[in-house]
1. About its Cα centre, what dipole magnitude does region 36-173 give when the only charges are +1 on Lys and Arg Cβ and -1 on Asp and Glu Cβ, stated in debye to the nearest 20?
2. Under a Cβ-only charge scheme (Lys and Arg +1, Asp and Glu -1), can you give me the dipole magnitude of region 125-269 about the Cα centre, in debye to the nearest 20?
3. For residue 52, list the lysines whose Cα falls under 28 Å from its own Cα; do not include residues on the same chain fewer than 8 positions away.
4. I want to verify a result. In a Gaussian network model of the chain, Cα cutoff 10 Å, which of these has the top mean-square fluctuation: 136, 38, 321?
5. Between 246, 318, 216, find the one with the highest GNM mean-square fluctuation for the chain; connect C-alpha pairs within less than 10 Å.
6. Work from the charge dipole of region 271-340 (Cβ charges, +1 for Lys and Arg, -1 for Asp and Glu, about the Cα centre) and give the residue of 294, 340, 309 farthest towards its positive end.
7. Rank 274, 142, 26 by how far each Cα sits towards the positive end of the charge dipole of the chain (+1 on Lys, Arg Cβ; -1 on Asp, Glu Cβ) and give me just the farthest.
8. Per DSSP helix of 4 or more residues, -39500 (n - 2.57); summed, then divided by the residues of the chain. What does that give at 222 nm, rounded to the nearest 500?
Amino acid sequence: MNNLSDIGLVLSNVTNGFYKEKNQHVVLQKNINVSLQEGEFVCLLGPNGAGKSTLLRTLSGFHPVLSGHISYFGKNLHHLTIKERSRQVALVLTDRIDDSWLTVWDIVSMGRFPYNGFTGKLTTHDINLINNILNEMNLIPFKNKVFRVLSDGEKQKVLLARALTQETPFLFLDEPVAFVDSPGKIEIMEQLQDIAHRQNKGIIMTTHDIEIALDYADTIWLMNQNKPLISGIPELLVLNGDVNNYFDRNNVKFNKQAGRFSIVNTDTQKIIRIKSDKENLFWLEKGFRRLGFMVRVEKDDDPFQTDYFDFKNGHFVYIKENHIYRTFIDIGQALNFGKSLF
């Protein structure tokens, strides 16, 4: 069994929340008992108002702990100075940077604050470190650009670079992919996963994007207001129904087979059957779900006694009574035929 001093971050019976006024506080979760190891990538998932950002700020020492204990390598967070905390955790928040004329270099160099003296002058080591990180993040062409003119994805990479120059064992990020386009999201998630595993950093990031978190996180922390924080590997939390329990609402539910949220159609008369899970039929399935149908997918070796869509010889087809009943020019024609069946 690991000694607490060997485990990087430990939360023991922590109450997550915030103070409204003096001696008045709001409790979001109680009895949080989780830990974060170096080299572990955690995604913290929860709906708006669950307390994700509050918990990150509390773990970083910006919010007081309502109750319980938070420790870094066996040392109580409450007993660490600001400079000691800044050598344990680099925090990237969604707060805007106000100065309109700071360059990328200026922003990234701020990460060396915990190590500089009173003057804040960069050493040769600092300059080499900053340049190396800018190079790793493909930011060298941007180093002299003004930060405010960058795209949202470029800004997130700059803020991540600043956090890396802080040289901490832990990195916390609040919604780093919230306003980033889809290719940018994938790039950032790949970088974070690589940083956690290759550089042995413990990373926690909050996100609303459950699907992307399930693809990349080593561990998921699920939270919802008035529910306990639970932790586990993504696949276990899905199969156990925990993702459904924490996020399903009304008829919007997490589909375990598709790995995403969708509207559950209670009209059992509108069922489309698809024979296989081939690439083209995957998109046919998505099209029918978009149109409000319930789709049942069966594999080639499953017994199938009813009418269904398939993909044969480069075309979508509809099989009826074990024979090709209709062949379609493209996916749009197949979807229109499906609608005409009801």
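1. For region 36-173, the charge dipole is close to 180 debye.
2. Taking the Cα centre of region 125-269 as origin, the dipole is about 280 debye.
3. Straight-distance partners of residue 52: 20, 22, 30, 75, 83, 155, 157, 185, 201, 227, 253, 256.
4. Looking only at 136, 38, 321, the largest GNM fluctuation is found for 321.
5. Among 246, 318, 216, the largest mean-square fluctuation in the Gaussian network model of the chain belongs to 318.
6. So the residue furthest toward the plus end is 340.
7. Towards the positive end, the residue furthest out is 26.
8. Helix contribution divided over all residues of the chain: -9000 deg cm²/dmol.
No value in this document is a laboratory result; all are computed from the given coordinates. Being a predicted model, the structure only gives us computed values, none of them experimental. Backbone-built Cβ (ideal geometry, glycine too); neighbour counts: all protein chains shown.
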